[in-house]
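Chemist: Please find one structure pasted underneath; my questions will follow.
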Amino acid sequence: MTYRITGALAATACAVSLLAGAPAMAQTKIEAKISSTASPESINTAEMNMMAKLVDLYTNGTVDSKVFTLAQLGKERAQLEGLVLGTHDIFVHISAITGKFPSVRFWDLPFLFTDTDQVYRLINSDIAKDWEASMAKENMVYLGTWGYGYREFSIRNKPYVTPADVAGQKHRIPGGKSKQMVFEALGANVSTVAFAELYQALSQGVVDSQDNPIDQIYSMKFHEVCDYISMIHYMYNPLIAVAGKPFWDKLSPEQQAAFKRAGRDIEGWSLSLANWRAAEAVDKIKADKPSIKVNYLDPKTLPQWREKAKAVYAAFEEETSKEYLDAIRATADGGYYKAGTLK
């Protein structure tokens, strides 16, 4: 499927080059720090750079956006909390955000989506307004949900073919109740390691394995310290962009509208970008490290993986509701959901 890519994105390169001669809007120039914990080569950074370009375009240069990577502005929790404290402006992440907001915690449910068409339908539905409302209650502003990818495994000592292979392994998680439940159900020894410290943790054997989208595995060079890649496609994670209310209140209405527009305009393009980069990443990893062994999910083992995930689904339903999970599934399959239907 080719996702919606707006005319604004198609024209960005040309339009940005014309900005120098355009009259500036009569607004105070604001600095915006857009940050993540990922590498400069990651899809996270490509998407943050696109937001910076679009905001510059849409505001005629009245916002000076600066992109920060590799946890330059702090670890995940510090950046998320900083949005509310006013020390941080915009944060792009997934696990820290699903860990805080139950309304988007379904992104941590294993094997919920069969393809990215379902993801696209969901983020472009009315249900996103409910995510926006839940974040507003915590003094954060929802800007958009961007492509990231299926989480895959990189492992130091053996491939993951069946759930039994994960048992007893020291597996790193980024945090979050759902991800912890998943790997405890699989029998792993769960360890929470900050993303910026993960390469070293793998190289020193502090953990045996980790999971991330394959593009992230390549850009962070985790394959250098792992001998196996297991492409299980066990969970689709997007990236969620949120702004802090203290920063937001410094913006004019026109500047706020520009950030909202940019966040939404990136969505379709970013999903296509994520698919393209994932397709390239495996080949790049193999070329970079010919000795690495890559295995893919055997469909015959899927019932075993799903069985291990049942407790996580039950916990999500208890925390939100069965009706909400049903609505997510139905919307992903093309059904209609009216915002505010479920509380």
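Chemist: What number, in percent, do you get for the relative contact order of the chain if the mean sequence gap of Cα pairs under 8 Å and at least 6 apart is divided by its residue count?
Modeler: Relative contact order for the chain comes out at 26 percent.
Chemist: Which net charge results for the neighbourhood of K221, defined as the other residues with beta-carbon distances under 10 angstrom from its beta-carbon, given Lys and Arg at +1 and Asp and Glu at -1?
Modeler: So the surrounding residues net to -2.
Chemist: Could you order peptides 249-256, 275-282 by the average number of other Cβ atoms within 10 Å of their residues, highest first?
Modeler: In decreasing order of mean packing, 249-256, 275-282 become 275-282, 249-256.
Chemist: Counting only DSSP beta bridges with both residues in the chain, what percent are antiparallel, rounded to the nearest 5?
Modeler: 55 percent
Chemist: Now, a different point. Pairing the Cα long axis of helix 322-332 with the longest principal axis of the chain, what angle in degrees results, from 0 to 90 and rounded to the nearest 10?
Modeler: The angle comes out at about 70 degrees.
Chemist: So what are the ³J(HN,Hα) numbers for region 279-296, from phi and the Karplus equation (6.51, -1.76, 1.60; θ = phi - 60°), rounded to whole Hz, Gly and Pro as x?
Modeler: Whole-Hz 3J(HN,Hα) from phi for region 279-296: 5, 6, 4, 4, 4, 5, 5, 5, 5, 6, 9, x, 7, 5, 10, 10, 10, 10.
Chemist: If I take the Cα coordinates of region 280-343 and project them onto the principal axes, what are the three extents in Å, biggest first?
Modeler: That gives 52, 25, 20 Å along the principal axes, largest extent first.
Chemist: Residue by residue through region 90-103, what is 3J(HN,Hα) from phi via Karplus (6.51 cos²θ - 1.76 cosθ + 1.60, θ = phi - 60°)? Round to whole Hz and write x for glycine and proline.
Modeler: 9, 10, 10, 6, 10, 5, 5, 7, 5, x, 8, 10, x, 5
Chemist: Moving to a separate point now. Between V161 and K221, how many nm apart are label points set 7 Å from Cα along the C-beta direction?
Modeler: Placing both labels 7 Å along Cα→Cβ, they lie 3.2 nm apart.
Chemist: Something else now. Within 10 Å, count the other beta carbons around each residue, average over each peptide in 47-57, 290-300, 107-117, and list them highest first. Kindly include the intermediate steps, with their values, before the conclusion.
Modeler: Details: 47-57: 21.7, 290-300: 11.5, 107-117: 18.5.
My ranking of the peptides, most packed first, is 47-57, 107-117, 290-300.
Chemist: Assuming a ≥ b ≥ c are the square roots of the Cα gyration tensor eigenvalues, decide whether region 40-118 counts as rounded (a/c under 1.5), prolate (otherwise, with a/b larger than b/c) or oblate.
Modeler: The shape class here is oblate.
Chemist: Quick check on the chain: helices-only [θ] at 222 nm, where DSSP H runs of length 4 and up contribute -39,500 (n - 2.57) each and the sum goes over total residues. Nearest 500, please.
Modeler: Helix-only estimate at 222 nm: -13500 deg cm²/dmol.
Chemist: Okay, next question. Find out how many positive minus negative residues lie around P159, taking Lys and Arg as positive, Asp and Glu as negative, among other residues whose Cβ is under 10 Å from that of P159. Working shown, then result.
Modeler: Values: positive: K158, K293; negative: D165, D227.
Within the 10 Å Cβ shell, the charges total 0.
Chemist: Right, next: Give the Kirkwood hydrodynamic radius (Å, one decimal) of region 223-343, defined as one over the mean of 1/r across all pairs of different Cα atoms.
Modeler: 18.9 Å
Chemist: Could I ask something else about it? Which of the peptides 89-102, 149-162 is most tightly packed, and how do the rest follow, judged by the mean count of other Cβ atoms within 10 Å per residue?
Modeler: Output ranking for 89-102, 149-162: 89-102, 149-162.
Chemist: Within region 208-330, how many Lys pairs sit with Cα atoms under 23 Å apart, leaving out pairs fewer than 8 places apart on the same chain?
Modeler: Lysine pair count for region 208-330: 11.
Chemist: So who's got an amide H within less than 5 Å of the one on V166, skipping anything under 5 residues away but keeping other chains? H placed 1.01 Å off N, in plane.
Modeler: Residues meeting the amide H criterion: none.
Chemist: Quick check: pseudo-label points 7 Å beyond the Cα along Cα→Cβ at E31 and Q304, how many nm apart are they?
Modeler: According to this spin-label approximation, the distance is 5.4 nm.
Every number in this text was worked out from the coordinates using simple rules, so none of it is lab data. It should be emphasised that the depicted structure is a prediction, and the values quoted were computed from it without experimental measurement. Glycine also receives a Cβ, built like all others from the backbone with ideal geometry; neighbour counts cover every protein chain displayed.
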